[in-house]
1. For Leu37, list long-range residues whose amide hydrogen, built 1.01 Å from N in the peptide plane, is under 5 Å from its own amide hydrogen.
2. First compute the accessible area of the stretch 1-159 with a 1.4 Å probe, then give the percent of it belonging to carbon and sulfur atoms.
3. Run the quick spin-label model on Ala33 and Asp140: label points 7 Å from Cα toward the beta carbon, then report their separation in nm to one decimal.
4. Report the net charge of residues surrounding Ser103, where surrounding means a beta-carbon distance below 15 angstrom and charges are Lys +1, Arg +1, Asp -1, Glu -1.
5. Roughly how many Å² of Ile111 are accessible to a 1.4 Å probe, to the nearest 10?
6. Which net charge results for the neighbourhood of Phe71, defined as the other residues with beta-carbon distances under 15 angstrom from its beta-carbon, given Lys and Arg at +1 and Asp and Glu at -1?
7. Step through the residues of the stretch 148-157 one at a time and calculate ³J(HN,Hα) from phi using the Karplus curve (6.51 cos²θ - 1.76 cosθ + 1.60, θ = phi - 60°), rounding each to whole Hz and writing x for Gly and Pro.
8. Measuring from the lowest to the highest alpha carbon on each principal axis, how far does the stretch 1-143 reach, largest first, in angstroms?
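The values are calculated or read from the model by the stated rules, or taken from the named source; none is laboratory data. All of these numbers come straight from a predicted model, not from anything done at the bench. Ideal geometry is used to build each Cβ from the backbone, glycine not excepted, and the neighbour counts take in all protein chains shown. SASA here: full protein model, heavy atoms, side chains in, ligands and nucleic acids out. Shrake-Rupley method; radii C 1.70, N 1.55, O 1.52, S 1.80 Å.
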Amino acid sequence: PAEPSSDLKKAIFDEARLLQQQHKSIPWYLLAAKYHLSIDALQNAFSQAEADAQKRQQQSALVTRAAERHFDSAVGQYDWEAIAGEVDLPLIECLDLFDVSNSTIKPCSLIETNGGWSTKDMEKLQCFIATNYSESSAIDWKLAGAFMNVDSLECQRLGLGTFIGPINEVAYRRINEFR
């Protein structure tokens, strides 16, 4: 039989953990019936998913520690290019792995701390969006928020205005009026 996909492995892993909490051990026969896989195949998929989860947790800790070292307190933002270079992972993956809950540095509000988003901040966000997303509906605002070190909702609210084209005085006024 074909090897289970990574999504199926994750589903098996999550369900096995839930069943383990409920039954104190994993009732493999229940999962075998549900997923139409042998117990050996299920246990292998579970082991692979568990190893993947541990690797992701280690990478997350590595990225979060690197982010602490590459935070510029003068501007209140991380140097994500330096972080990506240090941990040897793509920038988007670093943003996805970054765990703000384990960081001593918390997202700020550019509206509250700086009196609003500067043109430079908006251009930086616009460049990030243009580089990483082909259309506005595909934007992952959690990652964009991490990139800008702001709450994802603040980033989304202001970022939607920047995606429509180059920042100019009219766009800058519209975004500030939107706030």
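1. Counting only residues 5 or more places away or on other chains, the set is empty.
2. 52 percent
3. Output for this residue pair reads 3.7 nm.
4. -2
5. Roll a 1.4 Å probe over it and Ile111 shows about 50 Å².
6. Here the count lands on -3.
7. Per residue, the Karplus-derived 3J(HN,Hα) values read 8, 6, 9, 4, 4, 5, 5, 4, 5, 4 Hz.
8. Rounded to whole Å, the extents work out to 59, 33, 29 Å.
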